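K.L.:
One structure coming up, written as structure tokens, with questions to follow.
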Amino acid sequence: MSETPSYNRQDEEQGKEYNEYQSFAFHPYNVLLFLTLMGITAMFLAFSAAFVYTRVQSDLPPIKLPSIFLFNTLVLLGSSATMVWAKRSYKRDQTDNYQRALIATMILSFVFMILQGVGWSQLFGNQIYIHSDNSAGYLYLISGLHFAHVIAGLPFLGLFLWVARKRMKEPVSVLVYFSDPEKRLKLRLLTIYWHFLDGLWIYLVLFFYLNYLLR
């Protein structure tokens, strides 16, 4: 007869059931997200260094960001706040607030993308095009990559909202939904990803403004 693993014995002695989702740090989903965020960070740092190197080597003029980029920072901060609202509502089994928070996050994300397009159009109005010089090319590339990562998160938000609307109709299905440890973990990971995009955008805005000031 095989011996029962030690963690099972300990959990049984404490009256608890072992759950793989409680081991957040080493769960495969968490490891995958960590590697993804590290890869994204390395990519943006590499492009930032290339931007500075190109500008210094070619003695290119600085590029001033449109003020709407700063306002967009507030929009993205708002979307992070609504993700925190969604996470807290999930933990408290607040079905209506949970769905409202997800909808608010999606709306703010779409507002961010629309305003990002307005910011690019303002750059066009100042005769700054992607082919103007290497600095302008990197500006569009870096901001476009961040834009793409925001788009990449929207299907996951939409999936959470669709599943919530589908299952939160009866008390039993609501109980099953809110007690699902896998959904709790995935919501936590999505919240981390959204905060990461927020922090990344703040870094990019500060980076480009500092490069404008350091002529």
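K.L.:
Out of all the residues in the range 131-190, which are of a type in the set (K, R) and either surrounded by 18 or more Cβ atoms within 10 Å (Cβ to Cβ) or in a helix (DSSP H, G or I) (or both)?
P.N.:
R165, K166, R167, K183, R184, K186, R188 - these are the residues of the range 131-190 that are of a type in the set (K, R) and either surrounded by 18 or more Cβ atoms within 10 Å (Cβ to Cβ) or in a helix (DSSP H, G or I) (or both).
K.L.:
Condition test on L213, is it under 16 Å from Y90 (Cα atoms) and either in contact with a Gly (Cβ under 6 Å, 6 or more places away or on another chain) or not polar (S, T, N, Q) (or both)?
P.N.:
no
K.L.:
May I pose another question? If we scan the range 74-86, do we find a residue that is touching a Leu at 6+ places or on another chain (Cβ under 7 Å), part of a helix (DSSP H, G or I), of a type in the set (V, I, T) and at pLDDT below 95?
P.N.:
No, that holds for no residue.
K.L.:
Checking the structure you have, find out if any residue of the range 101-114 is in contact (Cβ under 8 Å) with a residue 60 or more places away in the chain and either among the hydrophobic types (A, V, I, L, M, F, W, C) or surrounded by fewer than 18 Cβ atoms within 10 Å (Cβ to Cβ) (or both).
P.N.:
Checking the range 101-114: at least one residue is in contact (Cβ under 8 Å) with a residue 60 or more places away in the chain and either among the hydrophobic types (A, V, I, L, M, F, W, C) or surrounded by fewer than 18 Cβ atoms within 10 Å (Cβ to Cβ) (or both).
The values are calculated or read from the model by the stated rules, or taken from the named source; none is laboratory data. This one's a predicted model, so the numbers in the text were calculated from it and none came from an experiment. Here the Cβ is made from the backbone with ideal geometry for all residues, glycine too, and neighbour counts use every protein chain on show.
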